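Shown next, in structure tokens, is the structure this report addresses.
The values are calculated or read from the model by the stated rules, or taken from the named source; none is laboratory data. Please read these numbers as outputs of a predicted model, since none were measured by experiment. Here Cβ is always computed from backbone atoms with ideal geometry, including for glycine, and neighbour counts include all displayed protein chains. Accessible surface is based on the protein model in full, side chains and every heavy atom, while ligands, DNA and RNA are left aside. Shrake-Rupley method; radii C 1.70, N 1.55, O 1.52, S 1.80 Å.
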Amino acid sequence: MKGEAPPPARGRATAERLRERLEEGAVIAARIYRNLLILLHTKGCVTIDTIHDEAARRLEREGVPSAAENDPNRGLSIRWDSGLRDAVYALIEHYTAEHLTPEDVDNAVHQARRAERARTLEEIANVPGVSFQLLAEKVIEYCRLPKEPGYDPLQQESTGVRVALIRHFLSDRLEFIGVAKRYLAVEDMLPIVQHAIGPRAGLGKVGGKAAGMVLAHKIVRRHFEKSGRETPFPLGAPESYYVRSDHFTEFVQRNGLMDYYDIKYKPISEIRRSYPVIREVFKNGQFAPYIMRELRDLLERVGDSPLVIRSSSLLEDNFGSTFSGKYESIFLGNQGRIEQRLEQLIGAIAEVYASTLGPDPILYRRERNLIDYDEKMAVLIQKVVGFRHRRFWLPAWAGVAFSKNEWRWSPRIRREEGLARIVLGLGTRAVDRVGDDYPRMVPLGNPTLRPEIEAEDITRYSQRIVDAINLETNRFERVPLADLLGDEAFPDLHRIVSIAEHGMIAAPTSSRFAAEKSSLVVTFDGLLAGPFPAFLREILGVLAEAYDSPIDVEFAFDGRTFFILQARPQAERIQASEVAIPEDTPEERKVFSASRFVPTGKVADIEYVVFIDPVDYGRVSTAERKSAIGRLVGRLNDRLERSRFILMGPGRWGSNNIDLGVRVRYADIHRTKALIEIARARGGYTPEVSFGTHFFQDLIESGISYLPLYPDESGNLFNERFFRESPNMLVSLLSEAVEEAETVRVIHVPSAAGGLFLHLYMNADKEKALAVLGPKA
């Protein structure tokens, strides 16, 4: 044995402490003795073998036989009989008094109690049908136990109990559990159970979006804590509350809405027609009194902070099925009397519930063989990250980032370095296709590189409109930049804007600068010149490594803290091997070419081309007729189900500005093999590169090739005769579409080209795409 004997006083104090603790915790005495034995061994006071051998010799001197002695069947590991166990315990008490402190005894007792509670917790969690409420109470009890110095839950807690709790509270998807069990401890469940809303005897979860946010925040925080490095911004997670998935079931049953769920088996055209009615029925559904009380308590807790009501279905944000943008998210100003705020809150929750029956998510589930899955919707209620500026509430900046860059406009950009879309204000403008406005696209390995070079182009392709919550009108609004800024100081503005003067653009040289509002251009040059790109890239790398998958992350910055809002596996385009461009094709067989923002891929054997010329579309006089064209595209998508076709049309497919592109949703285009956005010099349309929007993620997941086309740029080919003079087959496919035939042309390629088909070749490295006519492959 090492070291000198301690002063008798300390030894007596330690022995007295041990007797007290053993009397208090008789049920866990064996665990206490075991912990002390391990502590004596690891501290080098006395080895386990020494104590065992000394106990055996003591029994031998006292003439007490050991059951293990002379047993020919015993292995190297001896199971103690009662006599040997009592002798070992006596020696543990002796050596504990001699070598350890009362604090060591307390820590051993805390460990024993924690281990016993963990065992109980795991047993309860594995009982079929155990209620959320009972399990939550046990989690709270466990987390109240004292922690000894140096306690590491991921090392000292049972993996089994973590898995059981993840499965009950967060997700039962095996891919998620496989990642989460390595990072989430029991204590990480505490904020969830304390902020969960649902039936007391229920069994619901908080859903995929909430689970992904909780896990991502823990992974990133743990990474930086272990590294010992400071982050350029403090890390935060938004204050969140969780309406569990079991309340969704209760709501549907309480309001007699189960009959509507058979609609998921109906034709998509019927779903489109029925969904507006279903949404209104859901929004007027009744909530149980106890839920109303809990939601009212929530509103009293958060005060008048603006809220975002987000979907968090059980299938959402999972490997292979992210459901990006498929369900509703609703911003609430949360101003006024609490009764009014409560009505708005329950209406928003009901609208999120109704979105499970929308055409896009139903079609998405069908394509992934998930249509028969009992999809339950949880709801994530969060304080909107931001601050008050004048009458508006918004973050300084927000966006979405991807660990794999599927869109590279320069050979200096590498796919594995990632990409971000950043906007001033709410991040909705970064993930949705918007009107005549642009986020800043940032290749994170080369953040100052941008597609535009000239000051005029940088200004043209910059953000002009800001999404924010107007606290006076209590509404989500789109606000012109100058109107939003006013004359008051705006946090971080010097890192957000540049100043356009005398044909030049330059970032402010300090946080205090004076410039006309009309000269400000949102560039984020100041932000991108600092540590932020490397910081964001590191976050993406850490998460991608943990998930063993490319990842995408939504984020926001409130002027002080960087918040992770969402994290999920990134949809990846299958990387095609190098595609050879058939340069020797006769000119008469070339249909169109492109030389900007070209991906790599090949679309062969195209039988139909649905073509909407931007100039013709611009002549359509009313929004109703333009909306009708979008609906017509959806019908063609259904009619050409068994054919290989591509869509070619103006500006921004899927834009919320109907004047800039055909308004369609995923369910209207999901069968096309390629989506081509045309910018004509005389039509005024400029395709926004879609990468990073939910719209673009849909294209990637569905294997739809995307290509912007600039027919009037020097060096590009566009065969006007093919598109204008080929027979229009629209009316023969859809007899009711006579009026739309003036704008929408459907070309049956073999009929127009003597039996040939259209083939599209795209090579990103050469920045070239070419569509040619040729025999069927």
(message) Could you work out the relative contact order of the range 102-164? I mean the mean sequence separation of Cα pairs under 8 Å and 6+ apart, divided by the number of residues, in percent.
(response) 51 percent
(request) Keeping all protein chains in place, calculate the accessible area per residue for the chain (probe 1.4 angstrom), answer in Å². (result) 43 Å²
(message) Rg/Rh for the range 192-239 to two decimals, with Rh computed the Kirkwood way over all alpha-carbon pairs.
(response) 1.12
(request) Report, to the nearest whole %, how much of the accessible area of the chain belongs to carbon and sulfur atoms, 1.4 Å probe, protein only. (result) 48 percent
(message) Given a Förster distance of 45 Å, report the FRET efficiency between residue 545 and residue 615 from their Cβ-Cβ distance, rounded to the nearest 0.05.
(response) 0.35
(request) Calculate the dipole size of the chain relative to its Cα centre from +1 charges on Lys and Arg beta carbons and -1 charges on Asp and Glu beta carbons; express the result in debye to the nearest 20. (result) 400 debye
(request) For an R0 of 35 angstrom, estimate the FRET efficiency from the Cβ-Cβ distance between residue 152 and residue 127 and round to the nearest 0.05. (result) 0.80
(request) Would you please state the base-10 log of I(q)/I(0) at q = 0.05, 0.06 1/Å for the chain, with intensities from the Debye formula using one equal scatterer on every alpha carbon? (result) -0.35, -0.48
(request) Could you pull out every residue, at least 5 positions away or on a different chain, whose amide H is within less than 5 Å of the one on residue 600? Hs are placed 1.01 Å off N in the peptide plane, and Pro or chain starts have none. (result) 764
(request) Take the Cα pairs of the range 490-610, get the Kirkwood Rh, then feed it into Stokes-Einstein at 37 °C and 0.692 mPa s and tell me D in µm²/s. (result) 169 µm²/s
(message) Given N residues in the range 359-406, what is its alpha carbon radius of gyration divided by 2.2 N^0.38 Å?
(response) 1.87
(request) Quick one: which residues, 5+ away or cross-chain, put their amide H under 5 Å from the amide H of residue 463? H built at 1.01 Å from N. (result) 438, 522
(request) Among the aspartates and glutamates, select those whose C-alpha is under 16 Å from the C-alpha of residue 776, and discard any that sit fewer than 8 residues away in the same chain. (result) 605, 607
(request) Could you rank the peptides 552-562, 587-597 by their average count of other C-beta atoms within 10 Å per residue, with the highest value first? (result) 552-562, 587-597
(request) Enumerate the calculated ³J(HN,Hα) couplings along the range 222-235 in order (Karplus 6.51 cos²θ - 1.76 cosθ + 1.60, θ = phi - 60°), each rounded to whole Hz, writing x wherever the residue is Gly or Pro. (result) 4, 4, 6, 5, 5, 6, x, 9, 7, 8, x, 9, x, 8
(request) Residues in the range 721-740, backbone N under 14 Å from the label point at residue 638 (7 Å along the Cα-to-beta-carbon vector): list them, ranges by number please. (result) 734-737
(request) Taking amide H positions as placed in the peptide plane 1.01 Å from N, state which residues far from residue 709 in sequence (5 or more) or on other chains have amide H under 5 Å from it. (result) 677, 678, 679
(message) Rg and Dmax in Å for the range 471-559, alpha carbons only: what are they?
(response) 16.8, 49
(message) Restricting things to Cα coordinates, could you compute the convex hull volume per residue of the range 171-314 in Å³?
(response) 174 Å³
(request) Quick one: of 326/766; 283/376; 138/226, which pairs are farther than 26 Å apart, Cα to Cα? (result) 326/766; 138/226
(message) Using the basic label-point model (7 angstrom from Cα toward the beta carbon), what is the residue 274 to residue 34 distance in nanometres?
(response) 5.7 nm
(request) Give the accessible area for residue 217 in Å² (nearest 10); use a 1.4 Å probe, count only protein heavy atoms, and leave out ligands, DNA and RNA. (result) 40 Å²
(message) Below 8 Å between Cα atoms, with a sequence gap of 6+, how large is the relative contact order for the chain in percent?
(response) 10 percent
(request) Please give the calculated 222 nm ellipticity per residue for the chain, where each DSSP H segment of at least 4 residues contributes -39500 (n - 2.57) and the sum is spread over every residue; nearest 500 deg cm²/dmol? (result) -11500 deg cm²/dmol
(request) Please compute the net charge surrounding residue 730, taking Lys and Arg as +1 and Asp and Glu as -1 over other residues with Cβ under 11 Å from its Cβ. (result) -1
